[in-house]
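Undergrad: Structure provided below as structure tokens; questions to follow.
The values are calculated or read from the model by the stated rules, or taken from the named source; none is laboratory data. None of the values given here were measured: they were computed from a predicted structure. FYI the Cβ positions are ideal-geometry reconstructions off the backbone, even for glycines, and counts take in every protein chain you see.
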Amino acid sequence: MQEEQLPLPTAEMTREPLEAEAPPSVKVAEKFFVVKSLTLQDLETSVRTGTWATQAHNEEILNRGYESADNVYLIFSANKSGEYYGYARMASAISDDPSAATSLVPKPEAIDPFDGPKSIPTPATEFAPKGRIIDDSARGTIFWEADLSEPEDEETVHEGQTSNADRAEAEGLVASQEWGKPFKIEWISTNRLPFYRTRGLRNPWNANREVKIARDGTELETSVGKRLLQMFNLSGPLVGASGSDLPPTDETQTRPH
């Protein structure tokens with residue numbers, strides 16, 4: 001009985017399987033970062049010029065965000081101001097050219113410790129729970145609110161006070177800040193948002209701390225970032241073209257690919 005002849009292996013049959021190609025990365029719609037400034041003057045300059053320069057160690061973080069999201073929103077505050085200054089959208093990546101680094105190092109500003117909203121604790125009585133009086137006389141607002149929140153960690157302080165951690169962070173910025181390269185931003189709102197109005201809004205990506213407890217470059221969880229931007233829009237007129245209560249994400253605001 002004649003043996004069956006098996007086909008000789010061909011080059012096609014012996015070729016090793018190709019590695020699976022990595023699927024193309026899919027961009028997310030939005031990312032949100034907290035940005036700290038040493039002085040209010042630097043923020044005002046940024047509004048006029050449409051540029052910003054972050055600390056050198058934040059550049060890679062923001063660039064990764066810019067490459068992986070259609071829109072990157074930066075939420076600004078000045079140290080010891082007790083409020084958010086406004087928010088902007090990144091309009092360019094940060095250059096990796098060392099010659100583009102800015103030589104302008106902001107100087108710390110002497111801030112009146114009595115500026116901003118004051119928080120006056122009130123003890124519990126038989127008629128009302130423990131609470132606080134919020135005195136925001138600069139904006140003509142004074143009201144009382146019940147203290148129903150859970151105890152915060154050691155970094156939390158009443159508005160108008162500065163924690164040791166915040167003070168050390170601010171001093172570190174003054175002493176050792178290395179400024180990076182300028183990049184373009186588009187300011188969307190310069191409505192002020194006092195920290196006390198964000199009470200209860202927590203960031204799961206920062207040990208579930210309240211959003212006001214954040215370092216320069218802290219990323220906010222997406223739904224928390226959206227909610228924070230909505231609070232800006234509800235606190236006053238929107239400075240921008242969209243006029244909506246949500247961050248602009250239509251094609252006029254999304255950067256070209």
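Undergrad: Taking the stated definitions as given, is T54 modelled with pLDDT under 95 and in contact with a strand residue (DSSP E or B) (Cβ under 6 Å, 6 or more places away or on another chain)?
TA: For T54, the condition - modelled with pLDDT under 95 and in contact with a strand residue (DSSP E or B) (Cβ under 6 Å, 6 or more places away or on another chain) - is not met.
Undergrad: Let me ask something additional. Being among the β-branched types (V, I, T) and in contact with a strand residue (DSSP E or B) (Cβ under 7 Å, 6 or more places away or on another chain) is the filter here, so list the residues in region 57-88 that pass it.
TA: V72, I75
Undergrad: When you go through (1) surrounded by fewer than 19 Cβ atoms within 10 Å (Cβ to Cβ); (2) at pLDDT below 95 one by one for I94, which number turns out not to apply?
TA: Evaluating I94 over (1) surrounded by fewer than 19 Cβ atoms within 10 Å (Cβ to Cβ); (2) at pLDDT below 95 leaves (1) as the failure.
Undergrad: Another question about this same structure. What are the residues in region 26-69 that are in contact with a Lys or Arg (Cβ under 8 Å, 6 or more places away or on another chain) and closer than 17 Å to R192 by Cα, if any?
TA: V34, K36, L38, T39
Undergrad: Take the conditions surrounded by 19 or more Cβ atoms within 10 Å (Cβ to Cβ) and either within 16 Å of R215 (Cα to Cα) or in contact with a Leu (Cβ under 6 Å, 6 or more places away or on another chain) (or both) and apply them to S46. Does it pass?
TA: no
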